[in-house]
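Single-structure report; data block below.
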Amino acid sequence: MRKYATALFIAASLALTACSGDGEPKASDSPPPTKEDIAYHDCLKANGVKITHTDYGAPRVKKDDPASIEKLPAAQEACKDKVPPPPSPEPADPKRLAAAQAESKCLRENGVSWYPDPDPVTGQIGDRAVTTEQMTELKTQHLDAVKKCMPDRGSGKGVLGG
């Protein structure tokens, strides 16, 4: 359990302090900061980490300050009880969710008994739901089922085609 909590803590910390592209996120890239985001970054700041703010007010770790970055691991440990919860997943379009559920059902009906149902919110098959061995089996031993149930992916396009 401790390993899981530590991994979750690190992932959340990286997500909160990461920025994409060649600069700070734009206002259109992220929602405004939550009270939890602000409290977490205030705690980091109180523990010696320099914080900067985006144009829309979101706190971020100042990454160009080596002394601050050096203090980050200890500050993250001190502030782990203030790590904000991860954002809620983006719900799938109802048509996409229904299509993903139909694909799963079709694959099972066509000999892929282990193929899981998609997540009922996101419509995605989780990384942990299917093993690497199962994906290899799907690509090599169940191509007819894939072509029938997932025509856009079994025809050389998409994830299974590559």
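Counting residues in region 6-19 that are open to solvent by 60 Å² or more (accessible area, probe 1.4 Å), modelled with pLDDT of 80 or more and out of contact with any helix residue (DSSP H, G or I) (no Cβ under 9 Å at 6 or more places or on another chain) gives zero. Taking region 103-117 as the range and being surrounded by 12 or more Cβ atoms within 10 Å (Cβ to Cβ) and without any contact (Cβ under 8 Å) to a residue 24 or more places away in the chain as the test, the residues that pass are Ser104, Lys105, Arg108, Glu109, Trp114, Tyr115, Pro116, Asp117. When Ala92, Ala100 are checked against the criterion of being over 17 Å from His41 (Cα atoms), open to solvent by less than 40 Å² (accessible area, probe 1.4 Å) and touching a helix residue (DSSP H, G or I) at 6+ places or on another chain (Cβ under 8 Å), Ala92 stands alone in meeting it. Applying a threshold of 8 Å to beta carbon distances and a minimum spacing of six or more residues, or different chains, the list of pairs starting in region 20-42 at a residue that is part of a helix (DSSP H, G or I) and ending at one that is open to solvent by less than 40 Å² (accessible area, probe 1.4 Å) and at pLDDT below 80 reads Asp37/Leu16; Tyr40/Leu16; His41/Leu16. Here Thr131, Thr122 are screened, and the one residue that is at pLDDT below 90 and either closer than 19 Å to Pro33 by Cβ or surrounded by 14 or more Cβ atoms within 10 Å (Cβ to Cβ) (or both) is Thr122.
Note on region 50-74: residues that are open to solvent by less than 70 Å² (accessible area, probe 1.4 Å) and more than 17 Å from Pro33 (Cβ to Cβ) amount to 5. For region 77-102, filtering for residues that are in a helix (DSSP H, G or I), within 30 Å of Glu36 (Cα to Cα) and either free of Cβ contacts under 8 Å to residues at least 60 places away in the same chain or of a type in the set (Phe, Trp, Tyr) (or both) leaves 4. Among the residues of region 144-158 satisfying the criterion of being of a type outside the set (D, E, K, R), at pLDDT below 90 and under 15 Å from Glu103 (Cβ atoms), which is nearest to the chain's Cα centre (by Cα)? Top of the filtered list is Gly158. Filtering Tyr56, Tyr115 for residues that are outside any helix (DSSP H, G or I) and modelled with pLDDT of 90 or more leaves a single hit, Tyr115.
Name the residues in region 129-143 that are assigned to a loop (DSSP other than H, G, I, E, B) and under 23 Å from Ala98 (Cβ atoms), would you?
Within region 129-143, Ala129, Val130, His142 qualify.
The values are calculated or read from the model by the stated rules, or taken from the named source; none is laboratory data. Just so it is clear, the structure is predicted and the values come from calculations on it, not from any experiment. Every residue, glycine among them, receives a Cβ derived from its backbone with ideal geometry; neighbour counts consider all protein chains shown. All accessible areas refer to the heavy atoms of the entire protein, side chains included, with ligands and DNA or RNA removed. Shrake-Rupley method; radii C 1.70, N 1.55, O 1.52, S 1.80 Å.
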